[in-house]
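What follows is a set of notes on a single structure, which appears directly below.
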Amino acid sequence: MSDASSELANIHEILGGKILQSMQAQGDDVVILDRAGLRESFRVLKEQLNFNFLSDITAVDYWQKKEPRFEVVYQIVSLTEQRRLRVRVAVPENDPTVDSLTPLWRGANFLEREVWDLYGIRFTDHPDLRRILLYDEFQGHPLRKDYPVNLCQPRVPERHVEGTFVDERSHNKLLRLKKSLGIKN
Amino acid sequence: MKADNPELPSEIMELQMGPSHPATHGTIKFNLKLDGERVVECDVEVGFLHRGFDKSCEQATWTQVIPYTDRLNYASSLINNVGYALAVEKLIGAETPARCQYIRVIISELARLFDHLTCCGMAASELGAITVGFYMIEARELITRIIENLTGARLTVTYVRIGGVKHDLPEDFAERVGAAFSTIRRLLADCDHLLSRNRIFLDRMSNVGVISQEAALSYSLTGPILRATGVNYDIRKAFPYLVYDQLDFEVPLGSRGDNYDRFLCRLGEIVQSMKIVEQALKQLPVGPVWIDDPRFVLPEKEKVYGSIEGLMHHFKIIMEGIHVPAGETYFAVEGGNGELGFYIVSDGGGKPYRLRVRPPCFIAMGAFAEMIKGHMIADIIPTFGMINMIGGECDR
């Protein structure tokens, strides 16, 4: 344990003012970083402190529990020293943006898209911030705590894809079917 | 854009492969840009099996989440159970008895065998080696029967509980495992002879889907895909959990990072997993399989039906759920496809406030475009096969 806390002190020394708080929970090292200049802080963590592997990015919504509302959580690993570090960044509701880590780790691409999709937190300078698990027409961000569990989404009209090959005979078949059933149009 | 070969001028063609394609086992869509048969650009669309795992877990008690975890990677549901239970136990601060830990190691390795046999068998049969596919399915069936005999279910097992396992191993478990393993070893030797030096198989697998060590780390790849590039990162060795540090096993590594290395890594891991199970069965201590803590463990049925305290105790645990102290934690186990992590946040109530799974194959699909770029369209099949994407885990 003393070794781990000395490691935290080491991180403190190098990152300095960027750390808002650091703690140990169930044997994990946790630091809460400042949202400003986040990418540079991660660059320091990666290049100077050897946390070379990004394990996971996710978010938590503390709606009506905590201010600021959101927290983006990063799990990073140092493969050389076999240590883990959890980084948390508080994100306010009125400006849900965080620096994207795609310049540092290409794997951040999918993970950040997922957080955007489910929480509506934007990642600045992300190359391709689209929804990933849900469809483009989906309204809202379902993992927010104020999104009701049983909310129904409207039906989405069929997407017209340019250049799609459609066999006209299939239309005729449908028309015949409708005619035989007595359905108009 | 102009094609490479000036004699055969061709345009870039857009092709949508999937989401329901007979050669990709799983619903996934590739939006391809092709130059002839060569893939210029690949955009992977996932999410067709999204069912709101995280949101559902927030509605269920801590114990009710266990069946949901079965449905993540249904080829290795026992590992998901174990990973989730360990994450919650880490937050509680409980340690299960030695026998329970050994049982959890045994079932994890059985699930890994199941996962790797599925992956390799399916990948081989998609390349036309249908015999190997059948041999591996036969081997997998033997594992399934052991799991069925143990848990009562073949895929969605729900065997592990927070603080223990559902019940102890059956009496003839070791004999059953021994008999199954000797058959599996014979089948694997056959598969090895049929494939590992097979010209057709090698042509389709080697130097296809290559990813460099640097790119693999940058893409956060784990499991056999990362180890095929030569990075020795196995959670069982790097961050030992349960009793893995007391067992003797090796981590098979590759060197090139292509599909063939991934295949060999998985085959190697099958052998190692059987070794681990045999060792663990030999060392298996006698004792309880549950922690001794009434806050998390259901009372015995005689107490439930025989005393009001027992009945209330049972009722409270079932209706309110066990109370996990407020806090957050992250715990990762080595799943079939890589680092399977659970990040849980508790607000002290009977339900998880937030439950996040780090899905290894979702992250691997993020690197798929890089792997397939410049290869032929037919190479998508073995590359996708060796990633072993499982829709339940990828899309959650």
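The values are calculated or read from the model by the stated rules, or taken from the named source; none is laboratory data. Fair warning: this is a prediction, and the values are worked out from it, not measured in the lab. Counting neighbours? That spans all protein chains shown, and the Cβs are built from the backbone with ideal geometry, glycine included. Each accessible area value is taken on the protein alone, full model and side chains, heavy atoms only, with ligands, DNA and RNA left out. Shrake-Rupley method; radii C 1.70, N 1.55, O 1.52, S 1.80 Å.
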**OP:** From A:178, A:145, A:173, grab the single residue that is over 29 Å from residue B:14 (Cβ atoms) and either open to solvent by 70 Å² or more (accessible area, probe 1.4 Å) or at pLDDT below 85 (or both).
**Re:** A:178
Original post:
How about the range B:218-232: which of its residues are at the interface with another protein chain (Cβ under 10 Å from one of its Cβ atoms) and surrounded by fewer than 23 Cβ atoms within 10 Å (Cβ to Cβ)?
Top reply: B:218, B:231, B:232
Original post:
In the range B:314-337, what residues are crowded, with 17+ Cβ neighbours inside 10 Å and among the aliphatic types (A, V, I, L, M)?
Top reply: B:317, B:322, B:324, B:332, B:333
Original post:
Would you call residue B:350 open to solvent by less than 20 Å² (accessible area, probe 1.4 Å), outside any loop (DSSP other than H, G, I, E, B), under 30 Å from residue A:143 (Cβ atoms) and modelled with pLDDT under 90?
Top reply: no
**OP:** Can you work out which of the residues in the range B:369-396 that are among the charged types (D, E, K, R) and over 18 Å from residue B:221 (Cα atoms) is most open to solvent (accessible area, probe 1.4 Å)?
**Re:** B:379
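Yes or no, residue by residue, for (1) within 18 Å of residue B:339 (Cβ to Cβ); (2) surrounded by 19 or more Cβ atoms within 10 Å (Cβ to Cβ); (3) of a type outside the set (Gly, Ala, Ser):
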{"residue": "A:34", "(1), (2), (3)": "no, no, yes"}
{"residue": "A:37", "(1), (2), (3)": "no, no, no"}
{"residue": "A:42", "(1), (2), (3)": "no, yes, yes"}
{"residue": "A:48", "(1), (2), (3)": "no, no, yes"}
{"residue": "A:52", "(1), (2), (3)": "yes, no, yes"}
{"residue": "A:58", "(1), (2), (3)": "yes, yes, yes"}
{"residue": "A:67", "(1), (2), (3)": "no, no, yes"}
{"residue": "A:70", "(1), (2), (3)": "no, yes, yes"}
{"residue": "A:97", "(1), (2), (3)": "no, no, yes"}
Original post:
Taking the range A:46-86 only, how many residues are within 23 Å of residue B:58 (Cα to Cα), modelled with pLDDT of 90 or more and of a type in the set (A, V, I, L, M, F, W, C)?
Top reply: 6
Original post:
Any residue in the range A:101-120 that is open to solvent by 30 Å² or more (accessible area, probe 1.4 Å), of a type in the set (Ser, Thr, Tyr) and either under 15 Å from the mean Cα position of the chain (by Cα) or at pLDDT below 90 (or both)?
Top reply: no
Original post:
When you go through (1) open to solvent by less than 10 Å² (accessible area, probe 1.4 Å); (2) over 16 Å from residue B:91 (Cα atoms); (3) more than 7 Å from every other protein chain (Cβ to nearest Cβ); (4) not in a loop (DSSP other than H, G, I, E, B) one by one for residue B:363, which number turns out not to apply?
Top reply: (3)
Original post:
So which pairs qualify, if the first residue must be in the range B:138-158 and open to solvent by 10 Å² or more (accessible area, probe 1.4 Å), the second must be among the acidic types (Asp, Glu) and in a loop (DSSP other than H, G, I, E, B), the Cβ gap must be under 8 Å, and the two must be at least 6 apart or on different chains?
Top reply: none
Original post:
Considering B:31, B:73, which residue is of a type in the set (S, T, N, Q) and crowded, with 17+ Cβ neighbours inside 10 Å?
Top reply: B:73
Original post:
Does residue B:225 satisfy the criteria of being among the β-branched types (Val, Ile, Thr), farther than 20 Å from residue B:366 by Cα and in a helix (DSSP H, G or I)?
Top reply: no
Original post:
Of the residues that sit in the range B:235-260 and are within 11 Å of another protein chain (Cβ to nearest Cβ) and part of a loop (DSSP other than H, G, I, E, B), which one is least open to solvent (accessible area, probe 1.4 Å)?
Top reply: B:239
**OP:** Starting from the range A:134-153, take each residue that is acidic (Asp, Glu) and list its partners that are surrounded by 14 or more Cβ atoms within 10 Å (Cβ to Cβ), counting only C-beta distances under 6 angstrom and pairs at least six apart or across chains.
**Re:** none
Original post:
Could you say which residue among B:355, B:298, B:311, B:281 is under 25 Å from the mean Cα position of the chain (by Cα), more than 14 Å from chain A (Cβ to nearest Cβ) and either more than 30 Å from residue B:22 (Cα to Cα) or open to solvent by 20 Å² or more (accessible area, probe 1.4 Å) (or both)?
Top reply: B:281
Original post:
Where in the range B:115-216 are the helices (runs of 4 or more DSSP H), entirely inside, with at least 1 residues that are within 20 Å of the chain's Cα centre (by Cα)?
Top reply: B:130-151, B:173-195
**OP:** Could you give me the residue pairs with C-beta distances under 6 Å whose first residue belongs to the range B:322-349 and is charged (D, E, K, R), whose second residue is in a strand (DSSP E or B) and buried (at least 24 other Cβ atoms within 10 Å of the Cβ) wherever it lies, and which are 6+ apart or on separate chains?
**Re:** B:339/B:332
